[in-house]
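Here the structure is laid out as structure tokens; the discussion comes afterwards.
Nothing in this text is a laboratory measurement; each read-out follows from the coordinates by a stated rule. No experiment lies behind these values; they were computed from the predicted model shown. Cβ atoms come from the backbone with ideal geometry, glycine included; neighbour counts cover every protein chain shown.
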Amino acid sequence: METVERFKKFTSPDRRTACVNWIGAKAGRGYGVFAIDGKQVYAHRFAYEMAKGPIPYGLEIDHLCRNPACVNPDHLEAVTHAENMRRSTAVAAARASAALIRFCPKGHEYTAENTRMHNGKRSCRKCSAQAAKEYDARNRDVRAAKARDRRAAARQALGMAE
Ligand SMILES: [Zn+2]
Ligand SMILES: [Zn+2]
């Protein structure tokens, strides 16, 4: 079988994230591994080289999607080791600080009941409920003002004094 066809058998596209997940063997950190002529290669490096050509000497492949099992070449970028480290440290720091934040900007605690996940981000149920209420109240004012204007116009049309 052609190497590329054999490779494709181990992949499964995720329509939601556009990641192409490796479903074959994986190495320690979640990277896919693929055997070519009895040699193990990283699946994402293989995917990159098939799509974009040889990885420049000394460069590493960074997963822009932060999904180590992904082999979608569009999610892969060849970067220096320093850049790769800088990026993964930045992501780890962002995750760590997000995990440390236990209260929403208005001070409601992120408990299991009060937390809703949306696109991988937390949102506060109390705040959403409050925002919905305020939206309603604003609309009520607008509706009331319109009704007042209509009544005034009707009175004027009928020649009635205020
Ligand atoms: Zn991806
Ligand atoms: Zn809140």
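Tabulated data for the structure shown
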item: Gly32 long-range amide H proximity, modeled H, under 5 Å; result: Ala27, Ala43, His44
item: Relative packing of 120-133, 13-26, 94-107, 60-73, which averages over residues the other C-beta atoms within 10 Å, highest first; result: 60-73, 13-26, 120-133, 94-107
item: Per-residue Cβ neighbour rank within 10 angstrom, fewest leading, Ile55, Ile36; result: Ile36, Ile55
item: Sum of -39500 (n - 2.57) over DSSP H runs of 4+, divided by residues of the chain (222 nm, nearest 500); result: -14500 deg cm²/dmol
item: Dipole moment magnitude, nearest 20 debye, the chain about Cα centre, only Lys, Arg, Asp, Glu C-beta charged; result: 1020 debye
item: For Glu60, distant residues with modelled amide H under 5 Å away; result: Val79, Thr80, His81
item: No Cys partner within the rule (Cβ under 4.7 Å), the chain; result: Cys65
item: Cα-based reach from Lys126 at 19 Å (exclusive), listing lysines while leaving out same-chain residues under 8 positions away; result: Lys106
item: In degrees, nearest ten, helix 125-157 long axis to first principal axis of the chain (Cα); result: 40 degrees
item: Residues of type lysines that Lys39 reaches as a straight line, Cα spacing below 24 Å, ignoring anything fewer than 8 places off in the same chain; result: Lys8, Lys9, Lys26, Lys52
item: Distance histogram in 10 Å bins (all Cα pairs of the chain, percent per bin); result: 9, 23, 19, 15, 12, 9, 6, 5, 2, 0
